[in-house]
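Report on the structure given below.
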């Protein structure tokens, strides 16, 4: 099966600019996750969708980050305006559903550098 | 709040040496436990998982992990490492039960370097 697709792979922007990342999950996967992985740390969940509804966005900095999954398939994550501390790899993952410890399948990530 | 701690940040071994990576979590309820691996230039992949039953679980590529409930630990082991095991290893936990969303809490990762 095709894996989780993310684009772009790399992005370099200046602080205060905006940026968007795209994710296409594995076909049929109802649950989609966005994680932020800062260098030297493990991934941290930003937002979790179940179909097109938000399940958990408790750690999403909502003053600058937004995400949507309008048709319950693809998702976009946006940062506006970007800060230096947003430099990280942004990972998208999907799972069949969110219950019973369903394994999450990860994409290659988008590496964001803020100048 | 749940948290995961991985004891070793960077481990260097020679081929054929035995490996044990430590992982401890803090959460009072029932959990699912995972080890993920990220090979250089690749995405995170599931190595093994524990839900219930036999606390010794076997994963891909000869890895195994043991869940010790009394110690809140889920250490990863391999009897004899290969150069191809060079990667970053992440322990992760999610809480089970109603109201839990399946969200993973990750440790900070351990970089394993195997010298040929």
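The numbers here are math on the coordinates, done by the rules we state, and not lab data. Quantities reported herein were computed from a predicted structural model and do not represent experimental measurements. Don't worry about glycine lacking a Cβ; one is built from the backbone with ideal geometry, like all the others, and counts go over all protein chains shown.
Quantify how much of the Cα-Cα distance distribution of the protein assembly as shown extends past 26 Å, in percent. The proportion of pairs with Cα distances above 26 Å equals 38 percent. Relative contact order of chain A, taken over Cα pairs closer than 8 Å and 6 or more residues apart, is 37 percent. Going by neighbour counts of Cβ atoms within 10 Å, the residues A:96, A:60, B:76 line up, fewest first, as A:96, A:60, B:76. Based on every Cα atom in the range A:1-94, Rg and the maximum pairwise Cα distance Dmax equal 12.7, 38 Å. In chain B, Cα pairs under 8 Å separated by at least six residues give a relative contact order of 37 percent. Here B:83, A:34, A:22 are placed in order of increasing Cβ neighbour count within 10 Å, fewest first, which gives B:83, A:22, A:34. DSSP assigns beta bridges within chain B; of those with both partners inside it, close to 85 percent run antiparallel.
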